[in-house]
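Note sheet for the following structure.
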Amino acid sequence: MPLTTEKTISLPDVDMHFYKPRNPVTVPITKSEIATDSSSPNFVRHIEFDVSGTDLENRIVPGQSVGVIAEGIDENGRPHKVRLYSSCSPSGGEDGRGKIYATTVKRVIDEHWETQELFLGVCSNYLCNRKAGDKILMTGPAGKRFILPENPQDYNYLFFATGTGIAPFRGMIMDLLRMDYSNDLVLAFGCPYRTDLLYKNLFGELDQKHSSFRYLKSVSREDPRADGTKPYVQYSLIDRADLMKPILEKDNTLIYICGLKGMETGIFQILAMMGKFDYLKVDDTLMEKDPAHWTRDELKTGVKPAERMFLEVY
Ligand code: FAD
Ligand code: A2P
């Protein structure tokens, strides 16, 4: 199915905002397990929750998020604001009946940028501290743009994820491979260490089982590229050009990017260097310059995703 004109990709209508910050729903956590290897220096959890009997039942689509409101008050004495967490489940949830959904949460832990004291993100730590049986306040679902299109089996997909940006792709890939799907599907996943390859057993098995699916790993702090640079996900476009280029050239290929804010500019630049402008909207002024010399600021302000590219970064 060629995508020759704008707006040819139609997205399904999805339900949103049954529960808003003023009327959140209470749901129990049913499971919380470490999603990294136990020796990882990072803390990421796969957390499942039970939405049965609520309006969320069978209504959360991969790519959508739910909101979580941590208990307690913020520094201004107000209830904590909602934080969003992507569903990592396929359409029917973890149980196939739309009752149990899951998300993948990374604890935000750091030294405070200014005070040098320990900085703990409010909601990620609240959520990762909760155990099976604990109840949480939830809103959502949220998001209608970062989802698979109608007739998803008609397209090829290049998915780029860093860290917990893997969450929506877990659900999307499970959905696609459960269909009669025979197009090309590539997941390029980036993380700091091999211990942080989230859901690596699942993706490794799916790669073995399905000839249409390929799982590429970019372990930034362990596997330097030939020139010594970090193998960020965008370099898989170059380093695995054998796989990626023929897929990029098909006119029914879509690119989805999820994870670290800023990761998208590297992908934009390499696509432009490869001459793949059909995925990008580039300011006229930039078109006069060699994409290899586009600056960080130019990439941020002068390049946007075109119709065939979907972006969710945070
Ligand atoms: P906060 O208490 O909100 O602290 C984080 C904020 O503090 C940052 O905005 C930053 O400005 C500041 N900060 C960070 N580090 C420091 C530091 N060292 N010193 C001082 N200030 C600092 N997260 C996931 O883990 N999994 C997901 O699936 C996921 N999906 C998302 C989907 C969407 C659409 C969006 C928008 C976000 C998603 N997030 C996800 C991010 C999530 O919503 C939260 O932003 C994240 O968990 C941090 O929230 P927090 O309450 O723990 O941290
Ligand atoms: P690094 O931190 O080594 O620079 P996590 O969320 O688990 O920390 O993983 C984020 C991953 O994304 C890390 O491997 C990180 O590498 C990598 N990364 C950092 N900046 C970028 C970027 N601009 N483009 C692509 N990947 C990036």
Original post:
Name the residues in the stretch 268-314 that are open to solvent by less than 50 Å² (accessible area, probe 1.4 Å), under 25 Å from CYS191 (Cα atoms) and either among the aromatic types (Phe, Trp, Tyr) or modelled with pLDDT under 95 (or both), would you?
Top reply: PHE268, TYR279, PHE310
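Answer yes or no: is there a residue in the stretch 112-133 that is basic (Lys, Arg) and near ligand 1 (Cβ under 9 Å from one of its atoms). Let's see the steps before the verdict.
Residues of the stretch 112-133 basic (Lys, Arg): 130-131.
Going one step further and asking which of them are near ligand 1 (Cβ under 9 Å from one of its atoms), we end up with none.
Among the residues of the stretch 112-133, not one is basic (Lys, Arg) and near ligand 1 (Cβ under 9 Å from one of its atoms), which makes the answer no.
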Subject >> Failed condition for GLY143, given (1) away from ligand 2 (no atom under 16 Å from the Cβ); (2) on the phi < 0 side of the Ramachandran plot >> reply: (2)
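Going residue by residue through the stretch 289-304, is there one that turns out to be closer than 22 Å to PRO149 by Cβ and more than 16 Å from ligand 1 (Cβ to nearest atom)?
Going residue by residue through the stretch 289-304, those that are closer than 22 Å to PRO149 by Cβ are 304.
Filter once more, so that each one left must be more than 16 Å from ligand 1 (Cβ to nearest atom): 304.
Checked the stretch 289-304: at least one residue is closer than 22 Å to PRO149 by Cβ and more than 16 Å from ligand 1 (Cβ to nearest atom).
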**OP:** Exactly one condition in (1) farther than 26 Å from ARG170 by Cα; (2) over 20 Å from the mean Cα position of the chain (by Cα); (3) in contact (Cβ under 8 Å) with a residue 12 or more places away in the chain is not met by LYS245; state its number.
**Re:** (1)
Subject >> Residue satisfying all of: in the stretch 83-106; under 16 Å from the mean Cα position of the chain (by Cα) and in a loop (DSSP other than H, G, I, E, B); surrounded by the most Cβ atoms within 10 Å (Cβ to Cβ) among these >> reply: CYS88
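Among the residues that make up the stretch 122-139, is at least one of them open to solvent by 30 Å² or more (accessible area, probe 1.4 Å), β-branched (Val, Ile, Thr) and closer than 22 Å to PRO21 by Cβ? Let's see the steps before the verdict.
Looking only at the stretch 122-139, we keep the residues that are open to solvent by 30 Å² or more (accessible area, probe 1.4 Å), and these are 122, 129-135, 137.
Remaining after also requiring β-branched (Val, Ile, Thr): 122.
Add one more test, that the residue is closer than 22 Å to PRO21 by Cβ, and what stays is 122.
Yes, some residue in the stretch 122-139 is open to solvent by 30 Å² or more (accessible area, probe 1.4 Å), β-branched (Val, Ile, Thr) and closer than 22 Å to PRO21 by Cβ.
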Subject >> Scan of the stretch 51-82 for residues that are surrounded by fewer than 21 Cβ atoms within 10 Å (Cβ to Cβ) and outside any loop (DSSP other than H, G, I, E, B), ordered by number >> reply: ILE69, ILE73, PRO79
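Being charged (D, E, K, R) and within 16 Å of ligand 1 (Cβ to nearest atom) is the requirement here; does ARG107 meet it?
The answer is yes for ARG107.
Residue by residue, here is whether (1) closer than 24 Å to ILE267 by Cβ; (2) of a type outside the set (Asp, Glu) holds:
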| position | (1), (2) |
| --- | --- |
| ASP110 | no, no |
| THR115 | no, yes |
| LEU120 | no, yes |
| CYS128 | no, yes |
| THR139 | no, yes |
| LEU158 | yes, yes |
| ALA161 | yes, yes |
Original post:
Of everything in the stretch 210-234 that's in a strand (DSSP E or B) and hydrophobic (A, V, I, L, M, F, W, C), which residue is surrounded by the most Cβ atoms within 10 Å (Cβ to Cβ)?
Top reply: LEU216
Original post:
Could you list, in sequence order, the residues of the stretch 121-171 that are over 23 Å from ILE34 (Cβ atoms), in a strand (DSSP E or B) and not β-branched (Val, Ile, Thr)?
Top reply: LEU137, GLY140, PRO141, ALA142, ASN156, TYR157, LEU158, PHE159, PHE160
Original post:
Which residues, taken from the stretch 217-267, are in contact with a strand residue (DSSP E or B) (Cβ under 6 Å, 6 or more places away or on another chain) and at positive phi?
Top reply: GLY259
**OP:** For the stretch 19-44, name all the residues that are open to solvent by 60 Å² or more (accessible area, probe 1.4 Å), in a loop (DSSP other than H, G, I, E, B) and within 18 Å of ASP55 (Cβ to Cβ).
**Re:** LYS20, PRO21, ARG22, ASN23
**OP:** Identify the residue in the stretch 235-267 that is within 16 Å of ligand 1 (Cβ to nearest atom) and open to solvent by less than 10 Å² (accessible area, probe 1.4 Å) and, among all such residues, is farthest from GLU150 (Cα to Cα).
**Re:** GLY259
Original post:
Are there any pairs, at least 6 apart or on different chains, whose C-beta atoms fall under 6 Å, with the first in the stretch 286-314 and among the β-branched types (Val, Ile, Thr) and the second open to solvent by less than 20 Å² (accessible area, probe 1.4 Å), and if so, which?
Top reply: VAL303/PHE268; VAL303/LEU280
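The values are calculated or read from the model by the stated rules, or taken from the named source; none is laboratory data. Keep in mind it's a predicted model, so treat the numbers as computed, not measured. Don't worry about glycine lacking a Cβ; one is built from the backbone with ideal geometry, like all the others, and counts go over all protein chains shown. Just so you know, the surface numbers come from the protein's heavy atoms only, side chains and all, with ligands and any DNA or RNA stripped out. Shrake-Rupley method; radii C 1.70, N 1.55, O 1.52, S 1.80 Å.
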